[in-house]
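Reviewing the structure listed below.
The values are calculated or read from the model by the stated rules, or taken from the named source; none is laboratory data. Keep in mind it's a predicted model, so treat the numbers as computed, not measured. Note: ideal-geometry Cβ built from the backbone for every residue, glycine included; neighbour counts use all protein chains shown. When the accessible area is computed, the model is the full protein with side chains, heavy atoms only, and any ligands, DNA or RNA have been set aside. Shrake-Rupley method; radii C 1.70, N 1.55, O 1.52, S 1.80 Å.
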Amino acid sequence: MQRRKSPDLILLTAALMILTIGVLMVYSASAVLSFHDFGDRLYYTKRQLLFALLGVGGMYVTSRVDYAVWGKWSKYLLFGCFGLLALVLIPGVGVVRGGARSWLGIGSFGIQPSEFMKLGLLIFLSKMLADGRFPLKLFWKGLVPPLLLVGFAFGLIMLQPDLGTGVVLFGAALMVIYTAGARMLHLGLLGLGGVAGFAGLILAAPYRLKRIAGFLDPWSDPLGTGYQIIQSLYAIGPGGLAGLGFNHSLQKHSYLPEPQTDFIFSIIGEELGFIGGAFVLALFAILVWRGIRTAMAAPDPFGCLLAVGITGMIAVQVMINIGVVIGMFPVTGITLPMISYGGSSLTLMLTAIGILLNISRQAR
């Protein structure tokens, strides 16, 4: 077996290009809001730069550390993530933002434990399935135990509540389980049960039902549940082929709520047009392609499954975010990886890509 001394440079270049575009677009999307709320057009940009530097540092460290180390420490990482999720649910400890108790921190700085749970769970799940302790061809003895673990993590996240992050976690975990050898028939039957459970979650919370109604017919409540989707489409439509030009968005002037986070792709479409949006999606496609290639060439089952999990986490999150922005999915509160403003999401994603780069260094 030959070991490469350098990581996948195409993967690294795509990630750094996405990160650079993200910092620039956070500035453009947030400048008006930053000046209005804080008197500083660079308020969000400076914080995003700080998080980007921390994330790049984390990516460098994890790209140099043998990924096998994470397998050895996987159960401790998972216990730590579960502990943080439990702390979030304690009144007075967890911080409520946007209607969800999802944060730990002081003031404007905080961490979102559910983001770390995504990576922690994928590491543990990959190690558990790579060791072959659960014969996934068998339903009760093989498939059910890892699904119960994923379901428990999903349940804690839903108590916050944070449906979007839970869906990303569950989707990436299913990709790992399928790659490890689960039967499509079993997953299909569970998928039907998952659809029923998802419908139950929606019906159990009136605000989610309103979001679905707003998604199906935004104009039925244009100033309420349909407002974000309508304003997002108003941003993307005028962008045309080449866009209105960088920093020339109209929707960021207090029309589109929080344009620097979940709906930053709307601003990309408005300012950079179809060409700019397609370029960003092409970079993500390259990232996913190289991630799949890394998984296929990984030197052992753990590296393969972990690469699948990290790549799947990125792909699912991108699909959901873009789907929401263009009106294909209901609003879920999912950020666009490495582009949207957000410290926990950005640093976690770059750190995970560092692990992917380390696997690529040892690929066959």
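Of all the residues that make up the range 35-57, how many are open to solvent by less than 20 Å² (accessible area, probe 1.4 Å) and closer than 23 Å to M117 by Cβ?
Adding up the residues that qualify gives 3.
Among the residues of the range 288-297, those that are at pLDDT 95 or above and either β-branched (V, I, T) or open to solvent by less than 30 Å² (accessible area, probe 1.4 Å) (or both) comprise V288, R290, G291, I292, T294, A295. Among the residues of the range 238-257, the ones that are over 18 Å from A31 (Cα atoms) and among the hydrophobic types (A, V, I, L, M, F, W, C) come to 2 in all.
Screening the candidates P257, P238 for the property of being modelled with pLDDT under 95, under 22 Å from L33 (Cα atoms), in contact with an Asp or Glu (Cβ under 7 Å, 6 or more places away or on another chain) and open to solvent by 40 Å² or more (accessible area, probe 1.4 Å) yields one hit, P238. Does the range 180-189 contain any residue that is among the small types (G, A, S), open to solvent by less than 40 Å² (accessible area, probe 1.4 Å), farther than 27 Å from Q112 by Cα and modelled with pLDDT under 75? No: the range 180-189 contains no residue that is among the small types (G, A, S), open to solvent by less than 40 Å² (accessible area, probe 1.4 Å), farther than 27 Å from Q112 by Cα and modelled with pLDDT under 75. Of D262, D217, all but one fail to be open to solvent by less than 80 Å² (accessible area, probe 1.4 Å), within 30 Å of L306 (Cβ to Cβ) and among the charged types (D, E, K, R); the exception is D262.
Of everything in the range 82-97, what is open to solvent by 70 Å² or more (accessible area, probe 1.4 Å), closer than 13 Å to L159 by Cα and either among the hydroxyl-bearing types (S, T, Y) or assigned to a strand (DSSP E or B) (or both)? Give them in sequence order. Quick ask: steps written out before the conclusion?
Narrowing the range 82-97 to residues open to solvent by 70 Å² or more (accessible area, probe 1.4 Å): 87, 90-92, 96-97.
Keeping just the survivors that are closer than 13 Å to L159 by Cα gives 87, 90-91, 96.
Correct list: P91, V96.
A285 fulfils the conditions (1) in contact (Cβ under 8 Å) with a residue 12 or more places away in the chain; (2) open to solvent by 30 Å² or more (accessible area, probe 1.4 Å); (3) small (G, A, S) except for a single criterion, (1).
Checking the range 190-200 against the condition returns no match, with no residue being in contact (Cβ under 8 Å) with a residue 40 or more places away in the chain and open to solvent by less than 60 Å² (accessible area, probe 1.4 Å).
Could you tell me which residue of the range 299-317 is farthest from E115 (Cα to Cα), considering only residues that are crowded, with 23+ Cβ neighbours inside 10 Å and of a type in the set (A, V, I, L, M, F, W, C)?
Pass one, the range 299-317, residues crowded, with 23+ Cβ neighbours inside 10 Å: 303, 305-314, 317.
Okay, now just the ones that are also of a type in the set (A, V, I, L, M, F, W, C), so 305-308, 310, 313-314.
Details: L305: 19, L306: 16, A307: 17, V308: 17, I310: 12, M313: 11, I314: 12 Å.
By that ranking, first place goes to L305.
Scanning the range 310-364 for residues that are charged (D, E, K, R) and at pLDDT below 90 turns up just one, R364.
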